[in-house]
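Taking it in order: structure first as structure tokens, then the write-up.
The values are calculated or read from the model by the stated rules, or taken from the named source; none is laboratory data. Being a predicted model, the structure only gives us computed values, none of them experimental. As a convention, Cβ positions derive from the backbone with ideal geometry for all residues, glycine included, and neighbour counts pool all protein chains shown.
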Amino acid sequence: MKALLHYFLVQNKIVSIPNVGSISIVTKNAADDFVAKKIAPPAYNLLFKEENDAMAEIAFVQYAIHELEVSEAIVKSFLRDLDDEFKTTNRLNIDGIGVIAKENGYYNFQSHDYFQYYFPIEVDRVVHADAVHAVRVGEEEKSSTEMRALLSKEKSKSHWWVYVLVILLFLAGCSYMYYYYFYQK
């Protein structure tokens, strides 16, 4: 039935053991590591408090009754056994959660290390064509629209020499044909 404590904790984010304390899951949001091009998953840490949460205790009793199909007396007996074990040994090991110990009047909670469900993923940065974002140019920072306008001005250079080259080639072709037809006969 100790494994049921772990299942309840994962589903409800808190479990309370009478006269021992409550354990809750604290979630740290996912974070991006821009330099390494990774997104770190949410981290789950277990937090132990000496105070009991009456609502979590009642919810666990109802959960255990429903899952194991046993009476309320059996579940409360199990919780009393956990309390007795903790009072006699000053130590309570809960599989999948961790170890609660009491030394010199102070509580010490050591969670098990295998409480990570996800792993970091590698990503590439996506910049949408129409999105406005900051672009660093040397020491200055400009918006993407400013840079687009600046670069489009540079692209519109005059290509007058192409027209001159086409006309010269046309004249050279005409001269060749003139020489060929009139002076070769």
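One residue stands out among those in the range 54-76 that are of a type in the set (Gly, Ala, Ser) and surrounded by 12 or more Cβ atoms within 10 Å (Cβ to Cβ): the one that is farthest from the chain's Cα centre (by Cα), which is Ala64.
Looking at the range 84-98, is at least one residue of a type in the set (Asp, Glu), out of contact with any Gly (no Cβ under 6 Å at 6 or more places or on another chain) and modelled with pLDDT of 90 or more? Among the residues of the range 84-98, at least one is of a type in the set (Asp, Glu), out of contact with any Gly (no Cβ under 6 Å at 6 or more places or on another chain) and modelled with pLDDT of 90 or more, which makes the answer yes.
Residues that are surrounded by 16 or more Cβ atoms within 10 Å (Cβ to Cβ), over 25 Å from Phe119 (Cβ atoms) and not aliphatic (A, V, I, L, M) within the range 19-53 comprise Gly21, Ser22, Phe48, Asp53, listed in sequence order. Screening Met1 on (1) within 17 Å of Tyr107 (Cα to Cα); (2) modelled with pLDDT under 90 shows it passes everything except condition (1). Here Gly138 meets each of (1) within 33 Å of the chain's Cα centre (by Cα); (2) more than 19 Å from Leu9 (Cα to Cα); (3) at pLDDT below 85 with one exception, condition (3).
Of the residues making up the range 12-57, those that are in a strand (DSSP E or B), of a type in the set (A, V, I, L, M) and either touching a residue at least 12 places away in the same chain (Cβ under 8 Å) or not assigned by TED's automatic domain parsing to the domain that holds Ser77 (or both) number 11.
What residue, of Val166, Val99, Val75, is of a type in the set (A, V, I, L, M, F, W, C), outside the structural domain of Phe48 (by TED's automatic domain parsing) and either assigned to a loop (DSSP other than H, G, I, E, B) or over 27 Å from Ala31 (Cβ atoms) (or both)? It is Val166.
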